[in-house]
Each structure stands twice: as structure tokens, then as C-alpha cells.
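Just below is one structure, and these are the notes that go with it.
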Amino acid sequence: MMVAVLLWRLSEGPLPLNFLGPNIEHTLSKGTFPLSLTFQDLNITWSGWEPYILFQAKNIKVNTLGEEIRANIPELTAQL
């Protein structure tokens, strides 16, 4: 039942996941990885009856620990 409700909600438009942003940024930036990652506007979408969902993030910045910018990506979409 929960899956049906989630799919219905996703079919109505993007579902913001911004509340997960700090946790994802922390997880991807910790450990021996010498870079930090930040982003804005994390969303999950589903286009009709396609067999996959999309995760979209905007304004992704990859910095060194000294705050030197290594990458600046305006928008990134991952398909699951």
C-alpha cells in the first residue's frame, strides 16, 4: 500500500528530498575522501509509467578540504 501511495505522489510531480541533503553530504564527504560535496534541491521524480525513478540534484559543488573548487555541476540526474 505504501508503494502505491509513493508512486501516486511521484506521478504528481517531483518530491523534494532536501531534508536528506545534510546526511548525504556528510556521508559522501567523510573518511579518507579528501573532498567535500554540497548540493541544493534534491528531488525524486517518476515520469508516468516508466520503469525507473530519477534522482535530481542542482548546484553540486565539489571542493577540496581547503575550499578550493574542483567541480561545479549545475544539474545532475541519476536513474534507478
Subject >> Zone residues, the range 9-45, relative to Asn63, backbone N less than 18 Å from point 7 Å out along Cα-to-Cβ >> reply: 21-31, 33-41
Original post:
Given the chain reduced to its alpha-carbon atoms as identical point scatterers, what log10 I(q)/I(0) does the Debye formula return at q = 0.14, 0.17, 0.26 Å⁻¹?
Top reply: -0.55, -0.73, -1.22
**OP:** Express the accessible area of the chain per residue in Å², computed with a 1.4 Å probe while the remaining protein chains stay in the model.
**Re:** 74
Original post:
Of all accessible surface on the chain at a 1.4 Å probe, what whole percent is carbon and sulfur?
Top reply: 64
**OP:** Show that you can apply the helix-only estimate: for the chain, add -39,500 (n - 2.57) for every DSSP H stretch of four or more residues, divide by all residues, and state [θ] at 222 nm to the nearest 500.
**Re:** -7000 deg cm²/dmol
**OP:** With label points built 7 Å along Cα→Cβ from the Cα atoms of Leu20 and Leu35, find their separation and express it in nm.
**Re:** 2.1
Original post:
When only DSSP loop residues count, what chymotrypsin sites (Phe, Trp or Tyr not before Pro) in the chain have their Cβ near at most 11 other Cβ atoms within 10 Å?
Top reply: Trp49, Tyr52
Subject >> Rounded tilt (10° steps) of 2-11 against the dominant C-alpha axis of the chain >> reply: 80
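The values are calculated or read from the model by the stated rules, or taken from the named source; none is laboratory data. None of the values given here were measured: they were computed from a predicted structure. Methodologically, a virtual Cβ is constructed for each residue, glycine included, from the backbone with ideal geometry; neighbour enumeration extends over all protein chains shown. The accessibility values were calculated without ligands, DNA or RNA, using every heavy atom of the protein model including side chains. Shrake-Rupley method; radii C 1.70, N 1.55, O 1.52, S 1.80 Å.
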